[in-house]
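Enquirer: A single structure is presented below for examination.
The values are calculated or read from the model by the stated rules, or taken from the named source; none is laboratory data. Everything numeric here is computed off the predicted structure, so don't read it as measured data. No Cβ is skipped: glycine too gets one built from the backbone with ideal geometry, and neighbour counts run over all protein chains shown.
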Amino acid sequence: MTSEPRGWKDLPFAALPYKLSLEYKTGDWRALRPVIDYSKCVKCLLCWLYCPDMAVLWDGEKVSINLDYCKGCGICAHECPVKAIKMVPETEFKG
């Protein structure tokens, strides 16, 4: 057994996804949901810039969260300089 790091080309085919990431909705296992207080938002777009899943959307006027892909990591809330994003337990939204 070799201890050298392997590249992605060395992985067996089954280890590589064959679909686009947009086909994998990953937000259903989220524990925390980002909630935006638009009265505090200064539209700096740092949340949009730092979101690792591209779940923060910008329509030219305001940001929103695509909950189909948001994993609830909280990076957007952490990076927001005016604390306009609050992470709320997902249980508060499920009936």
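Enquirer: Answer yes if at least one residue in the stretch 63-74 is among the hydroxyl-bearing types (Ser, Thr, Tyr) and touching a Gly at 6+ places or on another chain (Cβ under 6 Å), and no otherwise.
Expert: Within the stretch 63-74, one or more residues are among the hydroxyl-bearing types (Ser, Thr, Tyr) and touching a Gly at 6+ places or on another chain (Cβ under 6 Å).
Enquirer: Take the residues of the stretch 44-70 that are part of a strand (DSSP E or B) and either under 12 Å from the mean Cα position of the chain (by Cα) or free of Cβ contacts under 8 Å to residues at least 12 places away in the same chain (or both): which is nearest to Glu92 (Cα to Cα)?
Expert: Within the stretch 44-70, the match that is nearest to Glu92 (Cα to Cα) is Ile65.
Enquirer: Still on this structure: Pick from the stretch 1-43 the residues that are modelled with pLDDT of 75 or more and among the β-branched types (Val, Ile, Thr): which of them is nearest to Thr91 (Cα to Cα)?
Expert: Val35
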